[in-house]
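Peer 1: Below are the structure tokens for one structure; questions will follow.
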Amino acid sequence: MVRLALEIRPALYRAAPTVAVIVAAAFAVSGVGAQDRGSAPGVAETSPAFASGNFAAAVDPRADGWDSEALSERAEAQLKRVAAWLGNGAAAADVVTEVVDERFETTGFVPDDLLERYRGPVFGVERGNGEPRGAVYRGVEGFADALRGLGERLAAGDTVRADFKVFRIEGDTASFTTRSHFEASATGSRGSRQVNSVWTTTWTPPPDGAGEPRLRAVEVSGYEETSVADGALFVDVTESALGRNPSYREQLLQPPDAWLNRITKAAGYNKTGWQGVSVADVDGDGLDDIFLPEQGGLPNRLYVRNRNGTFDDRSAAAAVDYLERALAGLFVDLDNDGDPDLVLSSRPAVLVLENDGRGGFARVRHIAGGIPDSNSLSAADHDGDGDLDLYVCAYRRAYDERGVASPVPYHDANNGGRNVLLRNDGDFRFADATLETGLDVNNRRFSLAASWEDYDGDGDADLYVANDYGRNNLYRNDGGRFVDVAGAAGVEDISSGMSVSWADYNRDGRPDVYVGNMFSAAGNRITYQRKFERDRQRAGPLAAVQRMARGNSLFAGAAGGGFHDRSVEANVTMGRWSWSSVFADLNNDGWEDLVVANGNLTQTLPDDL
């Protein structure tokens, strides 16, 4: 028997500036060869939990009666062939004969009544009022002609990308209809263009049950084009800005798989990157710098900007290169000396690091323990005493993720972590004021983000908290005491809350709030089918479960302190798997736009829509 172990002492470790990160794993190797559950104590179990055949059945939707999911998979596969045809042009025209029914009909994929909805110096937007109303395209050749018409809208680009995502299915094996999000983009020297629309597609299944379904009809709605006359709207300059630093190539460019097999979970590495990005002028030179909190086992990175637009890695010199897992970093002036201090949501504690005035953070002024799963951070002067207080979102109840129960119930969980308000008492002294201020009410959610705003205009900062797996909180500040009014105000937003941003998007003088959730194509398909209603465990109203898959939410402030849900009519629900969102006036026209950061680890599917 061989045993290797690494003792982890309760201290904070930083990476040596010129030494690679080395991770030691604790493991034990003992007897092998046991093939059944009755093995003797101390002997390793090597038999699989299930046979390969059982696994195949477990992932086959038809095994438990979900024939509609099997149909949607086949339909989406056919649509992706159409997307490939659009990207490759006439070279793939023969694919159409394997996708389209000979009785196919459509009025086209581009509306005849395209109207310009916005035109600025940088980009323009055109939209269609309804379905195309021109000629009817019939048969395989008609489909190819209609698709070529769509391709002409993307002809300015040298590179065309297109994809579909099926989010609704109705019908049965005799005839069924799907609804899909369609997105295509083209970028080249002559400009760039993006097309978004929804395709309602009717399918003819193969008569013998074998083979693939064929397209019988297509109706297009929600058509929108965005065009940029001179190249792309945004250009990736990350490499030119950061590429001079070895850490850019050795750490930032590495895929998750590079670390998953080298860093243990005990060190704090997790394949789900919850970390954000923080920006501030840390050294007082008038230029914004970038802080990147990192996964456990990898040092945090501080990149300080130069006058020529490049950045230098000052992580070690600034003493911020801790190896403990960091979920967030917040730059905020906590001692009112004019420079931004750094609050680090780390494991196993929240750290408050004082800025020495030159961008160094070697001095740890406060350590807040008792928050085992701290995540995002926010700050505001909640009590009007002239200094900024800290609010810490906590996700789970314990540091050891393996020992924590799943959210229960899934759509309205109340068994998560405890968020904490740290009152600033001056000289970097902080006290837990959560209970005394009323913020411990409804405070066992799976919280991921919080943002402060005086939404009721009474002069003090109110707090909105976005929670995963259920209801959000809107804490109204009444002179330093808080009351959760989310239900009464209409902003509980039962969903997968992951971000929150405030702005007056409609310029009516009242603050509005946008919440990043998750759009789930599978969730939209399944929860609207009768089989789901019959089979599901009754954990709450069906509408609440369906809301979990709808996507992001926009609430417009109303007279009297309430809010109206404008999500669907404003067309802002489809943000995909939305980790973060922020209002920003991107084109300086005085209207707040929305930027949504989304994605997930898809391994071999890098372009999944």
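The values are calculated or read from the model by the stated rules, or taken from the named source; none is laboratory data. The shown structure was predicted, so the numbers you read here are calculated from the model rather than taken from an experiment. Glycine gets a Cβ as well: all are built from the backbone with ideal geometry, and neighbour counts include every protein chain shown. Areas reflect the complete protein model, heavy atoms only, side chains present, ligands, DNA and RNA absent. Shrake-Rupley method; radii C 1.70, N 1.55, O 1.52, S 1.80 Å.
Peer 1: If you check residue 574 against the conditions, is it within 28 Å of residue 233 (Cα to Cα), modelled with pLDDT under 90 and either touching a strand residue (DSSP E or B) at 6+ places or on another chain (Cβ under 6 Å) or crowded, with 17+ Cβ neighbours inside 10 Å (or both)?
Peer 2: yes
Peer 1: Go through the residues of the stretch 166-178 one by one and say whether even a single one is buried (at least 21 other Cβ atoms within 10 Å of the Cβ) and either on the phi > 0 side of the Ramachandran plot or among the aliphatic types (A, V, I, L, M) (or both).
Peer 2: yes
Peer 1: Which members of the stretch 283-311 meet the condition of being touching a residue at least 40 places away in the same chain (Cβ under 8 Å) and of a type in the set (S, T, N, Q)?
Peer 2: 300, 310
Peer 1: Same structure again: Of (1) at pLDDT 95 or above; (2) surrounded by fewer than 21 Cβ atoms within 10 Å (Cβ to Cβ); (3) assigned to a strand (DSSP E or B), residue 319 satisfies all except one. Which?
Peer 2: Status for residue 319: all satisfied but (3).
Peer 1: For residues in the stretch 335-352 being of a type outside the set (S, T, N, Q) and open to solvent by 10 Å² or more (accessible area, probe 1.4 Å), which is nearest to the chain's Cα centre (by Cα)?
Peer 2: Residue satisfying both the conditions and the ranking: 347.
Peer 1: Right, something else. For the stretch 328-391, which fully contained strands (runs of 3 or more DSSP E) count at least 1 residues that are hydroxyl-bearing (Ser, Thr, Tyr) and within 17 Å of residue 278 (Cα to Cα)?
Peer 2: 341-346, 374-380
Peer 1: Of all residues in the stretch 299-313, which are open to solvent by 20 Å² or more (accessible area, probe 1.4 Å) and either closer than 26 Å to residue 271 by Cα or among the hydrophobic types (A, V, I, L, M, F, W, C) (or both)?
Peer 2: Answer for the stretch 299-313, where residues must be open to solvent by 20 Å² or more (accessible area, probe 1.4 Å) and either closer than 26 Å to residue 271 by Cα or among the hydrophobic types (A, V, I, L, M, F, W, C) (or both): 301, 311, 313.
Peer 1: State all residues of the stretch 162-190 that are in a loop (DSSP other than H, G, I, E, B) and among the polar types (S, T, N, Q); if no residue qualifies, say none.
Peer 2: Of everything in the stretch 162-190, those that are in a loop (DSSP other than H, G, I, E, B) and among the polar types (S, T, N, Q) turn out to be 173, 175, 189.
Peer 1: Using beta carbons and a limit of 6 Å, which pairs, at least six apart or on different chains, have the first residue in the stretch 269-282 and touching a residue at least 60 places away in the same chain (Cβ under 8 Å) and surrounded by 19 or more Cβ atoms within 10 Å (Cβ to Cβ) and the second one acidic (Asp, Glu) and not in a loop (DSSP other than H, G, I, E, B)?
Peer 2: Pairs found: 282/289.
Peer 1: When only residues in the stretch 258-268 that are in contact (Cβ under 8 Å) with a residue 40 or more places away in the chain and surrounded by fewer than 18 Cβ atoms within 10 Å (Cβ to Cβ) count, which is nearest to residue 324 (Cα to Cα)?
Peer 2: Per the criteria, the residue is 266.
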